[in-house]
Amino acid sequence: MSLVFAAVCSHAPGITGRAQRADPALREGFYAKLGELRERLEAARPEALIVIAAEHFANFFMNNMPAYCVGMAEHYEGPIEDEEWLAIERRQIPGNAGLSRRLIESLMHDIDVAYAEEWKFDHGIMVPLHFLTPRYDVAVVPVNINCQGPPLTPLHRAYEFGRALRRACDAQPERIAIVGTGGISHWPATPNSGVINESWDREFLDRFVNNEREALIRYSDEETFRDAGQGGFEIRTFIAVAGATEGATGEVLFYAPIPIFAVGCTVAQMTVA
């Protein structure tokens, strides 16, 4: 078949773990748009969901930090965090080892990717799944882009990774969806946690939904760190989705700074042509 759906959303742990502490109007507006994205995803009838996330030292650390890694297992477990703290029950999530292997083999023609047959999901994947596949009945192919430990993959390579992933998806018989998850601006686990650069976020999102490749890959890590925090490095997951939908545009379904969630909360979908 081909790629049938592409979107992005935020994944901060506070989205579930601090739900009751958020402004109710903002929280419910955000949740409603996540629900709408779930309905759109279900309408696309995917047989597998690729989640492009930024892993938070749960499985990969500085002794082994691949730039790109794809899961290749029949099932995964998550969340790795405390269930009560994250407010998501630990469970087994289905994978598709055969599809993962075919995607990896295709990607390797263009991108040197690592793969993992064991993977414990942290909030970067579990928070989106909690809202988008609440029955956990869609096979997941996890993808990690290193957004944590410099040196980080250049942004133009993240875009090329997305293009290569699209080619790999289009060569498969399954109906495949992609969701990129991450920031945008945030300063997690620092004294600035809860600070959000709304103007920076909105400018980035405008460039993202208009798929302005040159503008998207122009950010330097120094500028991103200054204006969007170390959490802003997660723009790589969004840029990969832009690469996977090259030539298409999209729409922002929701954006609002929610400080108690420590991130500018985002829901956006790209057209798949």
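The values are calculated or read from the model by the stated rules, or taken from the named source; none is laboratory data. On a predicted model such as this, the values are computed, not experimentally measured, just so you know. A quick note on method: Cβ atoms are made from the backbone with ideal geometry, for glycine too, and the neighbour counts reach across all protein chains shown. What goes into the accessible areas is simple: the full protein's heavy atoms, side chains included, and nothing from ligands, DNA or RNA. Shrake-Rupley method; radii C 1.70, N 1.55, O 1.52, S 1.80 Å.
Residues to consider are 87, 19, 53; find the one that is of a type in the set (Gly, Ala, Ser), within 28 Å of residue 195 (Cα to Cα) and either at pLDDT below 95 or open to solvent by 50 Å² or more (accessible area, probe 1.4 Å) (or both). Before you say what the answer is, go through the steps one by one.
Working: 19 fails: either at pLDDT below 95 or open to solvent by 50 Å² or more (accessible area, probe 1.4 Å) (or both); 53 fails: either at pLDDT below 95 or open to solvent by 50 Å² or more (accessible area, probe 1.4 Å) (or both).
Exactly one residue qualifies, and that residue is 87.
Mind checking which residues of segment 216-273 are more than 16 Å from the chain's Cα centre (by Cα) and of a type in the set (Phe, Trp, Tyr)? Matches in segment 216-273: 219, 225, 261.
Based on what the data block shows, is residue 92 modelled with pLDDT of 95 or more and of a type in the set (S, T, N, Q)? Spell out the reasoning first.
On the way: modelled with pLDDT of 95 or more: yes; of a type in the set (S, T, N, Q): yes.
It is true that residue 92 is modelled with pLDDT of 95 or more and of a type in the set (S, T, N, Q).
Of the residues making up segment 264-273, those that are under 14 Å from residue 209 (Cβ atoms) and either open to solvent by 10 Å² or more (accessible area, probe 1.4 Å) or at pLDDT below 95 (or both) number 3.
Just checking, which of 203, 160, 174 is closer than 17 Å to residue 46 by Cβ and either in contact with a helix residue (DSSP H, G or I) (Cβ under 7 Å, 6 or more places away or on another chain) or without any contact (Cβ under 8 Å) to a residue 60 or more places away in the chain (or both)? Result: 174 is the single residue among 203, 160, 174 that is closer than 17 Å to residue 46 by Cβ and either in contact with a helix residue (DSSP H, G or I) (Cβ under 7 Å, 6 or more places away or on another chain) or without any contact (Cβ under 8 Å) to a residue 60 or more places away in the chain (or both). Looking at this structure, is residue 261 open to solvent by 10 Å² or more (accessible area, probe 1.4 Å) and either within 25 Å of residue 19 (Cα to Cα) or touching a Leu at 6+ places or on another chain (Cβ under 6 Å) (or both)? So residue 261 does not fit the description; no.
Taking segment 15-34, which residues are of a type outside the set (Val, Ile, Thr), in contact with a Phe, Trp or Tyr (Cβ under 7 Å, 6 or more places away or on another chain) and closer than 14 Å to residue 131 by Cβ? Please lay out each step first, then the result.
Here is the first cut: in segment 15-34, the ones of a type outside the set (Val, Ile, Thr) are 17-34.
Narrowing further to those that are in contact with a Phe, Trp or Tyr (Cβ under 7 Å, 6 or more places away or on another chain): 17-18, 22, 29-30, 33-34.
Answer for segment 15-34, where residues must be of a type outside the set (Val, Ile, Thr), in contact with a Phe, Trp or Tyr (Cβ under 7 Å, 6 or more places away or on another chain) and closer than 14 Å to residue 131 by Cβ: 17, 29, 30, 33, 34.
Only one residue in 101, 167 is open to solvent by 70 Å² or more (accessible area, probe 1.4 Å), of a type outside the set (Phe, Trp, Tyr), in contact with a His (Cβ under 9 Å, 6 or more places away or on another chain) and at pLDDT 95 or above. Which one? Result of the check over 101, 167: 167.
Within segment 206-228, being open to solvent by less than 20 Å² (accessible area, probe 1.4 Å), in contact (Cβ under 8 Å) with a residue 60 or more places away in the chain and either closer than 21 Å to residue 187 by Cβ or small (Gly, Ala, Ser) (or both) holds for one residue alone: 208.
Among the residues in segment 107-118, are any in contact (Cβ under 8 Å) with a residue 40 or more places away in the chain, closer than 20 Å to residue 46 by Cβ and not β-branched (Val, Ile, Thr)? Scanning segment 107-118 turns up at least one residue that is in contact (Cβ under 8 Å) with a residue 40 or more places away in the chain, closer than 20 Å to residue 46 by Cβ and not β-branched (Val, Ile, Thr).
May I ask you to verify whether residue 142 is open to solvent by less than 10 Å² (accessible area, probe 1.4 Å) and either aromatic (Phe, Trp, Tyr) or in contact with a helix residue (DSSP H, G or I) (Cβ under 8 Å, 6 or more places away or on another chain) (or both)? Can you show your working first?
Numbers: open to solvent by less than 10 Å² (accessible area, probe 1.4 Å): yes; either aromatic (Phe, Trp, Tyr) or in contact with a helix residue (DSSP H, G or I) (Cβ under 8 Å, 6 or more places away or on another chain) (or both): yes.
Judged against the criteria, residue 142 is a match.
When residue 195 is tested against (1) within 16 Å of residue 265 (Cβ to Cβ); (2) free of Cβ contacts under 8 Å to residues at least 24 places away in the same chain; (3) among the aliphatic types (A, V, I, L, M), exactly one condition is not met: (2). Considering segment 56-84, and only residues there that are in a loop (DSSP other than H, G, I, E, B) and aliphatic (A, V, I, L, M), the residue that is most open to solvent (accessible area, probe 1.4 Å) turns out to be 62.
For segment 22-50, a tally of residues being crowded, with 17+ Cβ neighbours inside 10 Å, outside any helix (DSSP H, G or I) and charged (D, E, K, R) returns 0.
Looking for whichever is exposed (fewer than 15 other Cβ atoms within 10 Å of the Cβ) and polar (S, T, N, Q) here; the options are 192, 96. Which one fits?
192
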